[in-house]
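The block underneath contains the structure these notes are about, expressed in C-alpha cells.
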Amino acid sequence: MPSLTVALTGAAGYIASHVAVALFERGHSVVGFDNFSNSSPKSLERVAQIADTHMPFEQLDLADTDGIEAFLRAHQVDAVIHFAGLKAVGESTEQPLRYHENNVGGSLSLLRAMENAGVRHLVFSSSATVYHPDEASPLREDASLGPINPYGATKLMVEQIIGDVATYSDLRAINLRYFNPVGAHPSGLIGEDPVGTPNNLMPFIMQVAVGRREQLNIFGDDYDTPDGTPIRDYIHVMDLAEGHVAAVEALHPTTGPGVDNVEAINLGTGVGSSVKEVLAAAEQAVDHPIPHQVVERRAGDGTVSYADPGRAEALLGWRATRTMADACVDHWRWQERNPHGFAPDPATDE
Ligand code: NAD
Ligand code: UDP
C-alpha cells in the first residue's frame, strides 16, 4: 500500500488522536494542527509514545487561512481529515454565532486554504445529528436530514458546502457521520478528556466510577423502549479510527478507487444499546456499582438512533468489530490511570 501524507485539523482532540495512531500503524505520514481550545498538547506526546514517532504539529486556528495554506504546502499533504470544531449541543444553543463562526466559518477558511495549496481530498467529521429526529432507525444515509440544534446545523451546512465545492471543482470528499464514539486506545495513554461537566453518557459514567462525580443522572426512563431508556449506537473509538483510515485510503486515487465528487457514510455499529445497558456494561468493567438516579428527560433527546452501517462496508470494506464490553474496559483503563485526564492531579500537581 503506498503511503499518504494526511493532515489532521483538531489533531490533539479525542477522535483525531486515535486516528493519528491508526494512520501511523498503517504506515502513513501524519501532520496536524490545533488551537487547543478543547484539548491539551499532552495528547500529542502520548500519541508519539504509542506510535514511537512524532507528528509534525503547529498551533494554528482554522480561521488562519494563510497559515493553513503554508502548513499544507510545507508538508506536501495528500489529504485532510477535518476534525476541528466545537461539539457541545447545549452550548451551541447558548452561543449559536460562535458555533457557526468556528465550525462553518472555520471550514470555509480550510477549504480556501486547501484550494490555494492544491490539496483536493477531504474527509469531514460529520455527525448522526444531521438526520431528522423523526427518521426511524436503522438510519441510512439517504434518510431525511433536519438537525434540531445549531451544532447539528453547522455539520449539515458544512456537508452542503463541501458538496457544492466537490460538485463544481476537483475536490473529492467523504462526509463521515459518526454515531456515539466511546472507549479509548487499549494502552490507556489517550482517551476522552472533556472540559468541565461531561455532556456525554460514557465519560460521565466513568467520572462517577473514578470518584470525580457523585452519581449519574439518567435522563428519563419513560421512553418507549424495552427498559424505558433511550437507545443509541455506541462505537469504539478505535473502530471509528480504523473507519477513517479506510475512508482516506478509499478516497485517494493512489490508495483506493476514489469517489465521484462526495459521499456521505455512516460510522456506527448497527447495534443499539440503552442507557441502562451501557451502565450495566460499565459496572462490569469497573467491577463495582456506579451510583445513579433517574431524573427528568433531557430536552431534545430522541428515543432510538442507530446506524445502518451497510454503506461503509460496501464502499470502504470497513465495519466495527469491538463490543460495548471492550469499549467499557478500554475507557475505564484510560479513566483509572488518568483520573484527571491530561491535566495534572490537583492534589499532587503531577
Ligand atoms: P474534541 O473537542 O476532542 O476535538 C476537536 C479538536 O478541534 C480540539 O482539539 C479543539 O481544540 C480543536 N479545535 C476546535 N476549534 C478549532 C479551531 N477553530 N481551530 C483549530 N482547532 C480547533 O472533539 P472530538 O470528540 O474529537 O470530535 C472531533 C470532531 O468529530 C468534531 O468536529 C465533532 O463535532 C465531531 N463529532 C464528534 C462526536 C462525539 O461524540 N465525540 C460525534 C459526532 C461528530
Ligand atoms: N444520558 C444520560 N445521562 C447523562 C448523559 C447522557 O442519561 O449524563 C443519556 C441521554 O439522554 C441519551 C444517551 O445517554 O439518551 C446518550 O447521550 P449522549 O449525550 O452521550 O449522546 P447523544 O446521542 O445525545 O448525542
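Readers should treat all values here as calculations from the given coordinates under stated rules, not as data from a laboratory. Here the structure is a predicted model, which means the values were calculated and not measured. FYI the Cβ positions are ideal-geometry reconstructions off the backbone, even for glycines, and counts take in every protein chain you see.
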Next item on the list: Report, in deg cm²/dmol and to the nearest 500, the calculated mean residue ellipticity at 222 nm for the chain, where each DSSP H run with n ≥ 4 adds -39500 (n - 2.57) and the sum is divided by the residue count.
Entry: -11000 deg cm²/dmol
Next item on the list: Starting from the amide H of LEU139, placed 1.01 Å from N in the peptide plane, find each other amide H under 5 Å away whose residue is 5 or more places distant or on another chain.
Entry: TYR306, ALA307, ASP308
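Net charge near ALA166, counting Lys/Arg +1 and Asp/Glu -1 over other residues with Cβ under 14 Å of its Cβ?
Value of the local net charge: -4.
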Next item on the list: Step through the residues of segment 117-128 one at a time and calculate ³J(HN,Hα) from phi using the Karplus curve (6.51 cos²θ - 1.76 cosθ + 1.60, θ = phi - 60°), rounding each to whole Hz and writing x for Gly and Pro.
Entry: 8, x, 9, 10, 10, 9, 10, 10, 6, 9, 8, 5
Item checked: Label-to-label distance, nm, for residues given as ILE161 and ASP134 (7 Å Cα→Cβ offset) -> 3.0 nm
Next item on the list: Using only Cα atoms, tell me the angle between helix 65-74 and the longest principal axis of the chain; keep it within 0 to 90° and round to the nearest 10.
Entry: 70 degrees
Item checked: DSSP-defined antiparallel bridges as percent of all bridges, the chain, nearest 5 -> 5 percent
Item checked: Gap separating the Cα centres of segment 189-215 and segment 237-261, nearest whole Å -> 31 Å
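Express as a percent, rounded to the nearest 5, the fraction of DSSP beta bridges in segment 107-245 (both residues included) that run antiparallel.
Antiparallel bridges: around 10 percent, rounded to the nearest 5.
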Next item on the list: Assuming R0 = 35 Å, can you tell me the calculated FRET efficiency for the pair PHE36 and GLU336, based on Cβ-Cβ distance, to the nearest 0.05?
Entry: 0.90
Check: So in segment 199-350, what percent of DSSP beta bridges are antiparallel if you round to the nearest 5?
Finding: 25 percent
Margin query: What is the angle, in °, between the Cα long axis of helix 14-25 and the longest principal axis of the Cα atoms in the chain? Nearest 10 is fine, range 0 to 90.
Written below: 60 degrees
Notebook entry, point to check: By how many degrees, between 0 and 90 and to the nearest 10, does the Cα long axis of helix 42-51 differ from the longest principal axis of the chain?
Noted result: 80 degrees
